[in-house]
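Below is one structure; the comments refer to it alone.
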Amino acid sequence: MLPALGLLAHGIRRHPSDPGHLMALPDADVILVDARADLIAARAACRLLRTAAVEAPVLLVVTEGGLSAVSADWGFDDVILAGAGPAEIDARLRLALARAADAEPARVQASGITIDEQSYSAKLHGRPLDLTYKEFQLLHFLATHPSRVFTREQLLSDVWGYDYFGGTRTVDVHVRRLRAKLGDAEQIIGTVRNVGYRFNLHDEDHRQDD
């Protein structure tokens, strides 16, 4: 997808972009997502990589016509035009790697919940939570967008990353299981009737932000 990349001294491996393969990516310094022909599939791939907390920078390869459709909320780190020359490609790769090296490990703290992306662990008031991988992703996604209400369809798209064949009921099942593990703090995951779910902030969280 980037002919000029072959002129640089980088090892290149091709990998299918379906969800099953994306969840089993081999180690890589940078991930290039091909968005030249299918922007919807590329968006789903970027979001799945981000919700899976993949550490490698994600660069989106697009055509000039596709630039107007891409958005930062897809979760990629940078874009490269499909016709870019070797000097530009090399610079973007170097800059992406430098930004990743300087980035602090992401940690979310709100309403007594502490989430560590690097170790895929979550604690409630210092007590470890025994979460499945998808429960962790759901909690992390909601906690990083506090007080914002998401429909079940949005959660399927942003957390599961693709059209889940089980339908929106799977969101309800995971929320119910997550609340059970939160115990007395289950109200952290709030329900907005006829709309969806949100992460509730405690009053002390609001005071800290003021």
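Once the piece of chain linking ARG176 and ALA72 is laid out straight, how much longer is it, given 0.36 nm per residue of separation minus the C-alpha distance between them? Mind dumping the intermediate values first?
Numbers: separation 104, 0.36 × 104 = 37.44 nm, distance 3.08 nm.
Net length gain for the segment: 34.4 nm.
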* To do: Can you tell me the relative contact order of segment 3-102? Whole percent, Cα pairs under 8 Å, sequence separation 6 or more.
  => 29
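So how do LEU97, LEU139 line up by other beta-carbon neighbours within 10 Å, fewest first?
Numbers: LEU97 14, LEU139 26.
Ordered by Cβ neighbours within 10 Å, fewest first: LEU97, LEU139.
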* Asked: How would you rank SER17, SER119, going from fewest to most other Cβ atoms within 10 Å of each one's own Cβ?
  -> SER119, SER17
* **Between segment 58-131 and segment 8-39, the alpha-carbon center distance in angstrom** => 14
* Structure fact -> Taking Lys and Arg as +1 and Asp and Glu as -1, residues besides LEU8 with C-beta under 14 Å from its C-beta add up to -1
* Where is the GNM fluctuation largest for the chain (alpha-carbon springs, 10 angstrom cutoff): ARG99, ARG43, ARG14? -> ARG14
* Sum of side-chain charges, LEU124 neighbourhood, beta-carbon under 10 Å (Lys, Arg +1; Asp, Glu -1) -> +2
* To do: Report, in degrees rounded to the nearest 10, the 0 to 90 angle that the Cα long axis of helix 133-143 makes with the longest principal axis of the chain.
  => 80
* To do: Go ahead and set up a Gaussian network model of the chain, Cα springs under 10 Å, then flag whichever of ASP77, ASP102, ASP90 fluctuates most.
  => ASP102
* Answer label, with semi-axes √(5λ) of the Cα gyration tensor in Å calculated from the coordinates and candidates [x] 34, 19, 15; [y] 31, 17, 16; [z] 25, 22, 15 -> [x]
* What share of the DSSP beta bridges in the chain is antiparallel, in percent to the nearest 5? -> 65
* Structure fact -> In a Gaussian network model of the chain with springs linking alpha carbons closer than 10 Å, the residue among VAL173, VAL58, VAL70 that fluctuates most is VAL173
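Readers should treat all values here as calculations from the given coordinates under stated rules, not as data from a laboratory. From a predicted model like this one, the values you see are computed outputs, not experimental measurements. No Cβ is skipped: glycine too gets one built from the backbone with ideal geometry, and neighbour counts run over all protein chains shown.
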